[in-house]
Amino acid sequence: MSQVLLVNGPNLNLLGSREPGLYGSQTLAGIEAGLQAEAAGLGHQLACYQSNHEGELVDRIQQAARDGVAAIIINAGAYTHTSVALRDALLAVGIPYWEVHISNVYAREAFRHHSHLSEKAAGVIVGCGPIGYRLALLALHDRLCPPG
Ligand code: CA2
């Protein structure tokens, strides 16, 4: 069984309460519960973390290395576009990560078109809605447990 960490950044705690046209109607708790069940079905243990604070996200990523986490799914929210610290933390721990964005950032403002995380990500899933988290889980499962 592999340990997998789901990290969500600023404002994603508001999922389901505002802007359903952009981010869907599922709550973060609902997404996390569904993903935990799906991860268990694939033989993985999923821990979930959300913070609105950059340093706390860095701390949690560093903790993941101490915990032996094998893969990270991360939606860093707006920090995607601004945070060298999160990029450095992900590279420092050396854990493969899959970057998720619920909305299609390329169909939005120009400042959302650049990600500090994408260059080194194992995969990037953009604009598929909340199902993007499940797609990331399937992608990392395929990497951790290749078929055949
Ligand atoms: O599309 C995504 O998943 C984003 O990471 C969401 C971030 C945004 O800054 C990124 O450019 C793209 C914003 C998260 C805000 O989440 C909310 C959820 C519900 C209601 C209001 C905000």
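Values quoted throughout were computed directly from the atomic coordinates according to the rules given, and no laboratory measurement underlies them. This is a predicted model, so every value here is computed, not measured. Reconstructed Cβ throughout: ideal geometry from the backbone, glycine too, with neighbour counts over all protein chains shown.
Tabulated data
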quantity: Two-site FRET efficiency, Arg143 against Ala29, from Cβ-Cβ distance with R₀ of 30 Å, rounded to 0.05; calculated: 0.65
quantity: Shape metrics for the stretch 34-100, restricted to C-alpha atoms - Rg then Dmax, Å; calculated: 12.1, 35
quantity: Shape category assigned to the stretch 1-127 from the gyration tensor of Cα positions, a/c cut at 1.5; calculated: oblate
quantity: Computed lengthening from Val84 to Asn13, 0.36 nm per intervening residue step minus Cα-Cα distance; calculated: 23.3 nm
quantity: The stretch 70-148: C-alpha gyration tensor shape, a/c 1.5 cut-off, then a/b vs b/c; calculated: oblate
quantity: Listed residue (Leu28, Gly68, Gly127) projecting farthest to the positive dipole end of the chain, Cβ model; calculated: Gly127
quantity: Relative contact order, percent, the stretch 57-148 [alpha-carbon distance under 8 Å, six or more residues apart]; calculated: 29 percent
quantity: Trypsin sites (Lys or Arg not before Pro) within the stretch 39-121, DSSP loop, no more than 14 other Cβ atoms inside 10 Å; calculated: Arg108
quantity: Full-stretch length increase - His113, Glu56 - with 0.36 nm per residue and alpha-carbon distance subtracted; calculated: 18.1 nm
